[in-house]
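Participant: Would you mind keeping the following structure in view while I ask a few things?
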Amino acid sequence: MADSFAGIAATPYSWPFDGRWSAADSALLILGFQNGTIAALGAEPEAAVAARLIACAQEAGLPVIASRRGRSEALSPVAARRAVLGDPVFAPGTQEWELSDTLGLRVEASIFDHPGDNAFYSTGLDAWLRRRGIRNLVLAGIPTEGLLHATQRAANDMGFECIAVSDACKGTTDARHAGQLRITVFGNGLFGTVARSDQLFSALRAPIPT
């Protein structure tokens, strides 16, 4: 049986709600940390936090999943809309589309490609998680009001217990970042919880033997 971890004093409630999470039932989801998006948003500090989360999660035995948003020549309606709105959507195979090497993802990390903001849409992510008994998700992603919120909102609706790591996310503006996190915790955690990375590091580095 995997060691468990202490609950996180998140906003607006202690995560997870039942106080139970371990490497056997939890995963880290890294969303959209692609070279082009990091550069466009100036998200190098947030990418550095995400890299530390990945290293810590891997050391603790949690599965790490990453997602890439991209477009093709036959641009999907959702990707086309995002492009018109000025949100960078890069062509697969380009340097901008690639996940940043600074993340330190291991070769065995699972990567899911998707056309829009929701990493569950048109991918096998849900099935992948359920086959492995994952019920708790730690999320980091850019932009906050795009990939991060859309994916966390979908995950919450699908029954996953979610926590967003606020300093491993960045919005297209500071106001949008803050506003989206407020929406996440609205109504006693309508779409999940929010915490800072130091809280996750403390829990992951001090497993509780079971």
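Participant: What is the P(r) of the range 28-75, as percent of Cα-Cα pairs per 10 Å bin from 0?
Facilitator: Cα pair-distance distribution for the range 28-75, in percent: 24, 46, 23, 6, 0.
Participant: If you take all C-alpha pairs in the range 134-210, what percent of them are over 16 Å apart? Each step should come with its number before you reach the end.
Facilitator: Details: 1402 of 2926 pairs.
Result for the distance tail: 48 percent.
Participant: Take the Cα radius of gyration of the range 101-163 and divide it by 2.2 N^0.38 Å, with N its residue count; two decimals is plenty.
Facilitator: In units of the 2.2 N^0.38 Å rule of thumb, it is 1.11.
Participant: What accessible area per residue, rounded to a whole number of Å², is obtained for the range 80-192 using a probe radius of 1.4 Å? Walk me through the numbers before you get to the answer.
Facilitator: On the way: 5150 Å² over 113 residues.
Result: 46 Å² per residue.
Participant: Another question, if that's okay. Mind checking the per residue accessible area of the range 10-58 for me, 1.4 Å probe, whole number of Å²?
Facilitator: Result: 32 Å² per residue.
Participant: Mind pulling the angle between the C-alpha long axis of helix 44-60 and the longest principal axis of the chain? Nearest 10 degrees, somewhere in 0 to 90.
Facilitator: So the helix axis and the longest Cα principal axis differ by about 40 degrees.
Participant: A further question on this structure: What dipole magnitude, in Debye to the nearest 20, does the chain give about its Cα centre under +1 on Lys/Arg Cβ and -1 on Asp/Glu Cβ?
Facilitator: 320
Participant: Something else now. With a 1.4 Å probe and all protein chains left in place, how much of the accessible area of the range 1-62 comes from carbon and sulfur atoms, in whole percent?
Facilitator: 56
Participant: Say each of residue 123 and residue 198 gets a label point 7 Å from the Cα, pointing the same way as Cα to Cβ; how far apart are those two points in nm?
Facilitator: 3.1
Participant: How far apart, in nanometres, would the label points at residue 176 and residue 55 be if each is projected 7 angstrom from Cα along the Cα-to-Cβ direction?
Facilitator: Going from the residue 176 label point to the residue 55 one covers 3.0 nm.
Participant: At 0.36 nm per residue, minus the direct Cα-Cα distance, what do residue 183 and residue 205 gain on full extension? Give it in nm, one decimal, please.
Facilitator: Result for the pair: 4.9 nm of gain on full extension.
Participant: Computed from these coordinates, which is Kirkwood radius over Cα pairs in Å: (1) 19.9; (2) 16.9; (3) 19.2?
Facilitator: (2)
Participant: Give me the one-decimal nm value for the distance between modelled label points at residue 101 and residue 84, 7 Å along each residue's Cα-to-Cβ direction.
Facilitator: Taking the two extended label points, one gets 3.8 nm.
Participant: Along the charge dipole of the range 67-210, which of 103, 186, 210 sits closest to the positive end, that is, farthest toward it, with unit charges on the beta carbon of Lys, Arg, Asp and Glu (+1, +1, -1, -1)?
Facilitator: Positive-most Cα among the choices belongs to 210.
Participant: Under the rule of -39500 (n - 2.57) per DSSP H run of 4 or more residues, summed and divided by the residues of the chain, what mean residue ellipticity at 222 nm is obtained, to the nearest 500 deg cm²/dmol?
Facilitator: Taking each H run of at least 4 residues, the total per residue is -10000 deg cm²/dmol.
Participant: Moving on to the next point. Using 0.36 nm times the number of residues separating residue 39 and residue 17, minus their current alpha carbon distance, what extension gain do you get?
Facilitator: Full extension of this stretch gives 4.3 nm more.
Participant: What do you get for GluC sites (Glu not before Pro) in the range 85-131 restricted to DSSP loop and a cutoff of at most 10 other Cβ within 10 Å of the site's Cβ?
Facilitator: 108
Participant: Okay, next question. Let me have the relative contact order for the chain, percent, based on Cα pairs under 8 Å that are six or more residues apart.
Facilitator: Computed value for the chain: 29 percent relative contact order.
The values are calculated or read from the model by the stated rules, or taken from the named source; none is laboratory data. Computed from a predicted structure; not experimentally measured. In this analysis, Cβ positions are derived from the backbone assuming ideal geometry, glycine residues included, and neighbour counts consider all displayed protein chains. The protein model used for the area step is the full one, side chains on, heavy atoms only, and it has no ligands, DNA or RNA in it. Shrake-Rupley method; radii C 1.70, N 1.55, O 1.52, S 1.80 Å.
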